[in-house]
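**Student:** I have a structure here, written as structure tokens, and I will follow up with some questions on it.
Read-outs: derived from the displayed coordinates by stated rules, not from any lab. Note that this is a predicted model, so its numbers are computed, not measured. All Cβ positions, glycine included, derive from the backbone under ideal geometry; neighbour counts span all protein chains shown.
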Amino acid sequence: MADPKEKIAEIVDSNDIVLFMKGTALFPQCGFSSRAIAILDRLGAKYETVDVLQDPEIRTGIKAYSDWPTIPQLYVKGEFVGGSDIMMEMFESGELQELLKAPSPTDRA
Amino acid sequence: MAMAASEVERLIRAAIPDAEVTIRDLAGDGDHYAARVVSKSFAGLSRIQQHQAVYAALGGRVGGELHALQLETAVRLTETSHG
């Protein structure tokens with residue numbers, strides 16, 4: 001069985017914008033995950049989601065990986081951005097939009 | 001499991017002594033809180049690090065004992081908040 005850390009690193013590295021959440025974009029299973037999706041949709045972001053409820057290893061593993069105790073968690077270009085509170089603050093200040101627009105390292109190469 | 005708002009506040013103050021802590025009970029069930037924490041010690045820390053400092057103060061309760069803690073942190077800029 002793959003180490004959850006490797007599995008998470010693989011997901012984070014291979015998706016520009018990825019949200020670890022409870023439920024799916026269409027059917028979020030928690031208010032905080034729902035708020036995170038609403039923010040990403042509002043910004044017109046193209047993102048992937050990972051439903052941690054479908055994978056107990058990732059659900060536990062992502063908390064250790066990010067050193068962050070709650071779900072959802074947003075990763076952009078391999079970097080941990082934060083949970084839904086930080087997403088909301090960054091959305092309101094315009095920082096999130098800037099971050100999502102920034103070209104990925106591979107695009108620049 | 002639920003926790004009293006006063007206990008949440010006490011734990012944050014124990015780890016971050018200068019913290020101004022404001023807590024709201026969002027659902028009235030002692031399990032969904034919103035907290036605003038303002039401290040000089042957050043200066044120079046990223047948002048992620050500021051939130052991690054509060055989570056650390058709560059010693060692993062967030063995401064477990066405390067289902068939801070909506071968190072807002074800010075750096076206190078001046079020594080005295082009352083001019």
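**Student:** Does the range B:2-25 include one or more residues that are surrounded by fewer than 16 Cβ atoms within 10 Å (Cβ to Cβ), assigned to a helix (DSSP H, G or I), more than 9 Å from the chain's Cα centre (by Cα) and among the basic types (Lys, Arg)?
**Tutor:** Looking for residues that are surrounded by fewer than 16 Cβ atoms within 10 Å (Cβ to Cβ), assigned to a helix (DSSP H, G or I), more than 9 Å from the chain's Cα centre (by Cα) and among the basic types (Lys, Arg), one finds at least one in the range B:2-25, hence yes.
**Student:** Mind checking which residues of the range B:1-57 are among the polar types (S, T, N, Q) and over 15 Å from A:GLY83 (Cβ atoms)?
**Tutor:** B:SER6, B:THR22, B:SER39, B:SER41
**Student:** Please work out which one of (1) within 18 Å of A:PHE32 (Cα to Cα); (2) within 11 Å of chain A (Cβ to nearest Cβ) is the condition B:GLY60 fails and give its number.
**Tutor:** All conditions are met except number (1).
**Student:** In addition: Assuming A:PRO56 fulfils every condition listed in (1) on the phi < 0 side of the Ramachandran plot; (2) surrounded by fewer than 16 Cβ atoms within 10 Å (Cβ to Cβ); (3) touching a residue at least 12 places away in the same chain (Cβ under 8 Å) apart from one, which condition is it?
**Tutor:** Failing condition for A:PRO56: (3).
**Student:** Considering only residues that are crowded, with 17+ Cβ neighbours inside 10 Å and in contact with a strand residue (DSSP E or B) (Cβ under 6 Å, 6 or more places away or on another chain), which ones fall in the range A:24-35?
**Tutor:** Of everything in the range A:24-35, those that are crowded, with 17+ Cβ neighbours inside 10 Å and in contact with a strand residue (DSSP E or B) (Cβ under 6 Å, 6 or more places away or on another chain) turn out to be A:ALA25, A:SER33, A:SER34.
**Student:** Right, another one. Go through (1) more than 9 Å from chain A (Cβ to nearest Cβ); (2) not in a loop (DSSP other than H, G, I, E, B) and name the single condition B:ILE48 misses.
**Tutor:** It is condition (1) that B:ILE48 fails.
**Student:** Kindly list the number of the only condition in (1) within 10 Å of chain A (Cβ to nearest Cβ); (2) in a helix (DSSP H, G or I); (3) under 18 Å from A:GLU89 (Cβ atoms); (4) not basic (Lys, Arg) that fails for B:THR73.
**Tutor:** With respect to (1) within 10 Å of chain A (Cβ to nearest Cβ); (2) in a helix (DSSP H, G or I); (3) under 18 Å from A:GLU89 (Cβ atoms); (4) not basic (Lys, Arg), B:THR73 is out only on (2).
**Student:** OK, next. How many residues are touching a Ser or Thr at 6+ places or on another chain (Cβ under 9 Å) and of a type outside the set (A, V, I, L, M, F, W, C) when one looks only at the range B:53-66?
**Tutor:** 2
**Student:** Would you be able to tell me the number of residues in the range A:9-55 that are of a type in the set (A, V, I, L, M) and in a strand (DSSP E or B)?
**Tutor:** Of the residues in the range A:9-55, 5 are of a type in the set (A, V, I, L, M) and in a strand (DSSP E or B).
**Student:** Okay, moving on. Just one of the numbered conditions (1) away from chain B (no Cβ under 14 Å); (2) within 28 Å of B:GLY60 (Cα to Cα) is not true of A:LYS46; which one?
**Tutor:** Here A:LYS46 meets the rest and fails (2).
**Student:** Name the residue, out of A:ILE58, A:ILE71, A:ILE86, that is part of a helix (DSSP H, G or I) and within 12 Å of chain B (Cβ to nearest Cβ).
**Tutor:** Going through A:ILE58, A:ILE71, A:ILE86 in turn, the sole match is A:ILE86.
**Student:** Residue check: is A:VAL12 away from chain B (no Cβ under 12 Å), among the hydrophobic types (A, V, I, L, M, F, W, C) and either under 28 Å from B:TYR33 (Cα atoms) or under 11 Å from the mean Cα position of the chain (by Cα) (or both)?
**Tutor:** Yes.
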